[in-house]
Amino acid sequence: MTITAASIHEKKAMNILITGGTGFIGGSLAQHLRQQGHVITVLSRQPETVPILCGAGIKAVSQLEQLLSDAPYQVIINLAGAAIFDARWSDARKHLIRTSRIAFTEQLVATIARMPIKPALLISGSAIGYYGNQGDTVLTEQSATIPDFSQQLCTDWEAAAMQAELLGLRVCIIRTGLVIGANGGLLQRMLLPFRLGLGGRLGSGLQWMSWIDRQDWINIADTMINDTTLQGAYNATAPNPVTNAEFTQTLARCLKRPALLPIPAGVLRLLLGEMSELVLGSQRVIPERLLAQGFTFQVNDLTHAINHALLLNHK
């Protein structure tokens with residue numbers, strides 16, 4: 001029988017590790033969990049940046065081996081991975097994207113296997129790219145996939161995380177959509193051209209963009225921590241996906257700017273290469289399992305999500 005930290009630690013406050021905790025989602029998640037009274041450790045290659053990006057009172061470690069000498073963790077949240085939109089997808093870049101997720105997750109699970117007292121829960125990242133480019137098809141957690149680089153990446157990443165079940169852990173996978181929040185993410189990259197009146201739809205604009213407010217994403221992770229009935233893969237997207245044309249028109253309207261300069265698909269493929277699948281691919285995703293579980297999304301309206309992010313930007 002596997003001994004878990006939860007079985008010997010009955011207090012509400014938990015010892016939680018976040019890998020990739022200095023990122024756009026991880027930093028806000030660390031602050032949220034810290035405010036709830038949990039003890040938070042962030043694994044980062046640059047531990048000196050953790051107090052700046054995540055807030056005071058959060059511990060930093062730089063190597064997996066350090067976890068073996070720490071107090072037992074009740075929860076590990078694995079968000080590590082090289083930024084997927086920061087550079088053109090050369091063979092070397094694709095190798096880095098894969099190893100920073102898949103190989104790291106394998107190393108993390110191997111480290112958990114060596115822990116004398118194991119966590120009760122592993123929450124591991126994934127993305128709606130898991131489904132591949134599916135046009136107008138409505139996608140749930142049970143939908144079939146269409147192969148491409150992102151689909152294979154997510155499939156292998158999830159498989160690496162699910163190995164933790166063999167160690168007795170409950171494993172939850174978060175298939176994340178486009179996250180809307182202040183000071184980061186894809187929205188931040190879109191602001192300058194749209195503020196200059198140079199924005200517009202990408203390609204045909206008919207491709208679906210499944211989005212989620214960052215606080216709702218954090219609330220999903222919080223629910224996974226506290227509700228032990230949640231297990232397996234969950235779509236982390238708002239129930240109301242929109243087309244790219246609707247997304248860009250909404251952003252322009254929130255910024256009080258026109259959106260009159262579409263970028264043809266051919267130009268995007270020329271500029272971005274294979275990475276263009278991230279903006280031209282279509283995933284019309286519904287969070288079926290979360291809705292069936294009774295999870296309530298606080299932000300269902302894209303205009304609300306964008307306006308809130310713009311209000312908080314650079315505050």
Is it fair to say residue 267 is part of a loop (DSSP other than H, G, I, E, B) and either touching an Asp or Glu at 6+ places or on another chain (Cβ under 6 Å) or modelled with pLDDT under 95 (or both)? no
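Take the residues in the range 9-54 that are in a strand (DSSP E or B) and among the hydroxyl-bearing types (Ser, Thr, Tyr); name whichever of them is farthest from the chain's Cα centre (by Cα).
Going residue by residue through the range 9-54, those that are in a strand (DSSP E or B) are 15-19, 39-43.
Subset that is among the hydroxyl-bearing types (Ser, Thr, Tyr): 19, 41.
Numbers: 19: 12, 41: 18 Å.
Restricting to residues being in a strand (DSSP E or B) and among the hydroxyl-bearing types (Ser, Thr, Tyr), the top hit is 41.
A quick yes/no check of all residues on (1) in contact with a helix residue (DSSP H, G or I) (Cβ under 8 Å, 6 or more places away or on another chain); (2) within 24 Å of residue 146 (Cβ to Cβ); (3) basic (Lys, Arg):
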residue: 253; (1), (2), (3): yes, no, yes
residue: 258; (1), (2), (3): yes, no, no
residue: 264; (1), (2), (3): no, yes, no
residue: 269; (1), (2), (3): yes, yes, yes
residue: 272; (1), (2), (3): yes, yes, no
residue: 280; (1), (2), (3): yes, yes, no
residue: 286; (1), (2), (3): no, yes, no
residue: 290; (1), (2), (3): yes, yes, no
residue: 295; (1), (2), (3): yes, no, no
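Can you tell me which residue is farthest from residue 165 (Cα to Cα) among those in the range 102-126 that are in a helix (DSSP H, G or I) and in contact with an Asp or Glu (Cβ under 8 Å, 6 or more places away or on another chain)?
The residue in question is 102.
I'd like to know if the range 229-238 contains one or more residues that are in contact (Cβ under 8 Å) with a residue 60 or more places away in the chain, surrounded by fewer than 19 Cβ atoms within 10 Å (Cβ to Cβ), aliphatic (A, V, I, L, M) and over 26 Å from residue 311 (Cβ atoms). Break it down into steps so the answer makes sense when it comes.
Applying the first criterion (in contact (Cβ under 8 Å) with a residue 60 or more places away in the chain) to the range 229-238 yields 229-238.
Filter once more, so that each one left must be surrounded by fewer than 19 Cβ atoms within 10 Å (Cβ to Cβ): 229, 231-232.
Filter once more, keeping what is aliphatic (A, V, I, L, M): none.
The answer is no, given that none of the residues of the range 229-238 is in contact (Cβ under 8 Å) with a residue 60 or more places away in the chain, surrounded by fewer than 19 Cβ atoms within 10 Å (Cβ to Cβ), aliphatic (A, V, I, L, M) and over 26 Å from residue 311 (Cβ atoms).
Per-residue answers, yes or no, for (1) in contact with a Lys or Arg (Cβ under 6 Å, 6 or more places away or on another chain); (2) buried (at least 20 other Cβ atoms within 10 Å of the Cβ); (3) farther than 15 Å from residue 290 by Cα:
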site: 197; (1), (2), (3): yes, no, yes
site: 202; (1), (2), (3): no, yes, yes
site: 205; (1), (2), (3): no, no, yes
site: 222; (1), (2), (3): no, no, no
Which of the residues spanning the range 134-150 are polar (S, T, N, Q) and surrounded by 14 or more Cβ atoms within 10 Å (Cβ to Cβ)? 134, 137, 140, 143, 145, 150
Considering residues that are of a type outside the set (Gly, Ala, Ser) and within 17 Å of residue 218 (Cα to Cα), the number found within the range 31-57 is 13
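What's the total number of residues in the range 266-278 that are under 26 Å from the mean Cα position of the chain (by Cα) and surrounded by fewer than 18 Cβ atoms within 10 Å (Cβ to Cβ)? Lay out the reasoning, then the answer.
To start, the set of residues in the range 266-278 that are under 26 Å from the mean Cα position of the chain (by Cα) comprises 268-269, 271-278.
Now drop any that are not surrounded by fewer than 18 Cβ atoms within 10 Å (Cβ to Cβ), which leaves 269, 271-274.
Going through the range 266-278 one residue at a time, the tally reaches 5.
Restricting to the range 55-98, name every residue that is part of a helix (DSSP H, G or I), touching a residue at least 40 places away in the same chain (Cβ under 8 Å) and not hydrophobic (A, V, I, L, M, F, W, C).
Just the residues of the range 55-98 that are part of a helix (DSSP H, G or I), to begin with: 64-69, 91-98.
Then drop every residue that is not touching a residue at least 40 places away in the same chain (Cβ under 8 Å), which leaves 64-65, 67-68, 94, 97-98.
Passing the criteria: 65, 94, 98.
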Among helices (runs of 4 or more DSSP H) lying entirely in the range 141-240, which contain 1 or more residues that are closer than 19 Å to residue 302 by Cβ and not hydroxyl-bearing (Ser, Thr, Tyr)? 185-195, 214-226
Can you give me the number of residues within the range 211-237 that are under 18 Å from residue 135 (Cα atoms) and not aromatic (Phe, Trp, Tyr)? 2
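The values are calculated or read from the model by the stated rules, or taken from the named source; none is laboratory data. Nothing here was measured: the structure is a model prediction, and the numbers come from that model. Please note: Cβ atoms are built from the backbone with ideal geometry, for glycine as well, and neighbour counts cover all protein chains shown.
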